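J.: Starting off with a structure, shown below.
The values are calculated or read from the model by the stated rules, or taken from the named source; none is laboratory data. Please read all numbers here as calculations on a predicted model, not as lab measurements. Cβ placement follows ideal geometry from the backbone for every residue including glycine, while neighbour counts extend to all protein chains displayed. Surface accessibility is based on the protein's heavy atoms, side chains included, excluding ligands, DNA and RNA. Shrake-Rupley method; radii C 1.70, N 1.55, O 1.52, S 1.80 Å.
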Amino acid sequence: MKVPSFKQFVGQHCETTATGSLLQHLGIRLSEPMLFGLGEGLGFIYWKMKSMEFPFIGGRIKTHQITRNICRNLNLNLAVRESSSLRKAWEHVSGPITDGNPVGLKLDCYHLDYFTAKIHFAGHYVAMYGFDEEFAYLVDTEQQGGMVKTRLENLALARSEKGPMASRNLSFTISADGETAKPRDVVARAVLNNARDYLSPAISNMTYKGILKTSKELRKWFETTPDRKRDFQTTAMLMEKAGTGGSLFRNLFRDFLIEASDLTSNKVLENASKQFESIAKKWKSVAELLHEAGETGDVRHIESASSILVDLSESERAAMRLIMDVAAA
């Protein structure tokens, strides 16, 4: 059983790839940077719990909020389902697919057959467009193979995994009842909302405050970790290659701002895109320095990364303050 006429959405980031797949099936074709921007997705978090082997550095807002924001901004209906019952959880995906509609899933990628890097991450997203007696047929990011499949028993494990960022077999569908909003009419509002939220972090380890905090925590982390190579090279890989589009999502946000400025002829967005072009390059440098710190054990790489993060904290704060002027432009 497969959704008729389903086509792959090619993306770098898991949630925008999954949501883009569902939107594309509805006839809504947008670029991945546009989806990320309409999802008001740019953020930052430095997170460390006792149960975690090493701190998590993230560059976007919390999981599933991007999809919620996209649907709100485009005037679409989002239906989210969760259940601790494996039977009900399966009905939540098999029912829509049988009716000809793909389904978005949030799960732990560790259990998926095609994932070669076995790291627990329960904030991963895929779109599911079919199944048979043995396999589920999925769309994942381009770097994970695009149109892939996994055994049904492993899909069940991935969906019901416990731990940080896990959900109870979360699935979602998207539908359109009324007229879908045009990106040109809503990009300014989306980027303004993102800037407002970014400039008002709820806690000190988020957005520009979190970047500054990370600059201070790096040295402590470097001195206390039992495995520098694993910690810092894995973190560098996650920042650059694990679905962020490079530079911890800053490349996607830069490209969104370019596209948004072209759509609206808004000079504020054009100027902000130039600032994020510079910001993205600095984030790439941070990832490279963390990788080298893990490779060499040389603390000077950590000190250089920390210095760039101090600069990035202020640069991103200034860029988001500039974006606040979009309402007057």
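J.: About the Cα centre of region 170-296, what is the dipole size in debye to 20, counting +1 per Lys and Arg Cβ and -1 per Asp and Glu Cβ, all else neutral?
T.: With Lys and Arg at +1 and Asp and Glu at -1, about 460 debye.
J.: In addition: On the accessible surface of the chain, probed at 1.4 Å, how many percent belong to carbon and sulfur atoms?
T.: 50
J.: Still on this structure: By accessible area of protein heavy atoms, probe 1.4 Å, what ranking do M239, M1 get, highest first?
T.: Sorted descending by solvent-accessible area, the residues read M1, M239.
J.: Moving on to the next point. If contacts are Cα pairs under 8 angstrom and at least 6 residues apart, what is the relative contact order of the chain in percent?
T.: Taking the mean separation of contacting Cα pairs over the length of the chain, I get 20 percent.
J.: Moving on to the next point. If you count only protein heavy atoms with a 1.4 Å probe, what accessible area per residue comes out for the chain, rounded to a whole Å²?
T.: 45
J.: Whole Å is fine, so just give me how far the alpha carbon centre of region 128-183 lies from that of region 275-329.
T.: One Cα centre to the other: 32 Å.
J.: Moving on to the next point. What figure in square angstrom, to the nearest 10, would you give for the accessible area of L26 with a 1.4 Å probe?
T.: The accessible area of L26 comes to roughly 70 Å².
J.: Based on the mean of other beta carbon atoms within 10 Å per residue, what is the order of 54-60, 176-182, 158-164, most packed first?
T.: The densest-packed peptide leads the list: 54-60, 158-164, 176-182.
J.: Separate question: In whole percent, what relative contact order does region 214-300 give with Cα contacts below 8 Å and a gap of six or more residues?
T.: It rounds to 39 percent for region 214-300.
J.: Under 13 Å from the Cα of K282, which aspartates and glutamates turn up, not counting those fewer than eight places away in the same chain?
T.: Straight-line reach from K282, under 13 Å: E240, D311, E314, E316.
J.: Using protein chains only and a probe of 1.4 angstrom, how many square angstrom of D113 are accessible, to the nearest 10?
T.: 50
J.: Ignoring everything except DSSP H segments at least 4 long, calculate the 222 nm mean residue ellipticity for the chain; use -39,500 (n - 2.57) per segment, divide by total residues, nearest 500.
T.: -17000 deg cm²/dmol
J.: Roughly how many Å² of E314 are accessible to a 1.4 Å probe, to the nearest 10?
T.: 90
J.: With every protein chain kept in the model, how would you rank I119, I45 by accessible area, 1.4 Å probe, largest at the top?
T.: Accessible-area ranking of I119, I45, largest first: I119, I45.
J.: A further question on this structure: Find the relative contact order for region 129-238 and round it to a whole percent, using C-alpha pairs within less than 8 Å whose residues are 6+ positions apart.
T.: On the way: 56 pairs, mean separation 10.0, N = 110.
Once divided by the residue count of region 129-238, the mean separation gives 9 percent.
J.: For a 30 Å ceiling on Cα separation, which of these pairs sit above it: K48/K182; K48/K88; K62/K213?
T.: As for pairs spanning more than 30 Å Cα to Cα, those are K48/K182; K48/K88.
J.: Sticking with this structure for a sec: Which of K62, K48, K241 moves the most in a Gaussian network model of the chain with Cα springs under 10 Å?
T.: K48
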